[in-house]
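K.L.:
Sharing a structure with you now.
The values are calculated or read from the model by the stated rules, or taken from the named source; none is laboratory data. In this text the structure is predicted, and so the values were computed from the model without any measurement. Cβ placement follows ideal geometry from the backbone for every residue including glycine, while neighbour counts extend to all protein chains displayed. For the accessible areas, the whole protein counts, side chains as well, though only heavy atoms, and no ligand, DNA or RNA atoms are used. Shrake-Rupley method; radii C 1.70, N 1.55, O 1.52, S 1.80 Å.
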Amino acid sequence: AVVSTQSTAIEIRAAQHVLKHLRVHSGLPIASSIIGGCVLSGAFMHSTSTTVKVTNSVYSGITGKSKKKRKKLFNSCTETLLCSATINLSIFKWGMKQNFRTVLPSHIILPGSFSNDSLSLTSANVTKYKKRVIQEIGNSHGCHHCGAKVEKYMADHIPPTRYLSEFSYLARTKSWHRSLFQTLFQRDVLSTQIHPQVLFPQCRPCSNRQGAFVNKHQNFLRGLTGKGGIVMHKFRFQQYFIFLFPIYLVLDKINVTVVFD
């Protein structure tokens, strides 16, 4: 279990660094969940294969038999690896109630990878009640961009306030811009019933980074494609590091086979 968890963590962390350079983040509509699922599947399968090799090596060392007479404790069958990864993905999605995009890096001006809960704004003012709710959300999920757990969270306005006038103007003149806004933030910029911004908990380092980024990229569309907007997760234990290796043991012992057309 320790080997499989560490292997999964290393695989996902390496994938995040690659995605950062490719500018792939959790704010991409639809694609983020697909890419996140692929990252998790690859990490689960590779960690299983690694753990099987380590387990067989330890088992062979304990038995003390020669290399020719050593018997493998588990077999790294491709079909069984796929079944194991599928079951782990299902547990991650519906058992832990996590989104696949959680494993991707965040973008500093979009809802982050850990934006599980938010607080809708009815006005631009952030009251003491709203600050208290944001603190509670932060205590549960951490900073919505990097996942860091801190004592005090900032109330992050998403989208940043500097871009609101741009959205309001373009949404009234260009329907595609309004569709983009609604897709990214799930809010209607023209609605009079709800304020177009939402609040998320944010740590101080991410808040400072966001402020510097917005000052540098005063246009939202340029900010989406500008350098320095991708935020990596804090390297601490995350739920997506959990890989249930015992599932593979059960599948291997009952000789699960899958027929692919």
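K.L.:
Taking 0.36 nm per intervening residue step and subtracting the Cα-Cα distance, what contour gain separates Arg13 from Val54 on full extension?
P.N.:
Working: separation 41, 0.36 × 41 = 14.76 nm, distance 2.08 nm.
Stretched fully, the Arg13-Val54 segment lengthens by 12.7 nm.
K.L.:
How high is the FRET efficiency from Ser179 to Asn208, r the C-beta distance, R0 30 Å, rounded to 0.05?
P.N.:
Working: r = 32 Å, r/R0 = 1.06.
After rounding, the FRET efficiency stands at 0.40.
K.L.:
Which pairs in the list Lys97/Lys130; Lys97/Lys131; Lys128/Lys149; Lys128/Lys234; Lys20/Lys130; Lys93/Lys216 are over 30 Å apart, alpha-carbon to alpha-carbon? Intermediate results must be reported in sequence, preceding the final value.
P.N.:
Numbers: Lys97/Lys130 25 Å; Lys97/Lys131 26 Å; Lys128/Lys149 21 Å; Lys128/Lys234 28 Å; Lys20/Lys130 32 Å; Lys93/Lys216 37 Å.
Pairs exceeding 30 Å: Lys20/Lys130; Lys93/Lys216.
K.L.:
Here is a further query. With the Cα gyration tensor of segment 1-50 in hand, convert its eigenvalues to equivalent ellipsoid semi-axes via √(5λ) and list them largest first in whole Å.
P.N.:
Working: eigenvalues 98, 26, 10 Å².
Computed over segment 1-50, the values are 22, 11, 7 Å.
K.L.:
OK, next. Just for the Cα atoms in segment 97-144, what are the lengths along the principal axes, largest first, rounded to whole Å?
P.N.:
The Cα atoms of segment 97-144 stretch 32, 21, 15 Å along their principal axes.
K.L.:
If Thr50, Thr8, Thr173 are ordered by their accessible area, calculated over protein heavy atoms with a 1.4 Å probe, which sequence runs from highest to lowest?
P.N.:
On the way: Thr50 45, Thr8 0, Thr173 80 Å².
Largest accessible area first, the residues go Thr173, Thr50, Thr8.
K.L.:
Can you tell me how much longer the chain between Lys128 and Glu166 gets when fully stretched, taken as 0.36 nm per residue apart minus their C-alpha distance, in nm with one decimal?
P.N.:
Once the chain is fully extended between Lys128 and Glu166, it gains 10.8 nm.
K.L.:
Sort Leu89, Leu104, Leu22, Leu28 by heavy-atom solvent-accessible area, probe 1.4 angstrom, most to least. Could the numbers behind the result be given before it?
P.N.:
Values: Leu89 30, Leu104 0, Leu22 115, Leu28 55 Å².
Descending order: Leu22, Leu28, Leu89, Leu104.
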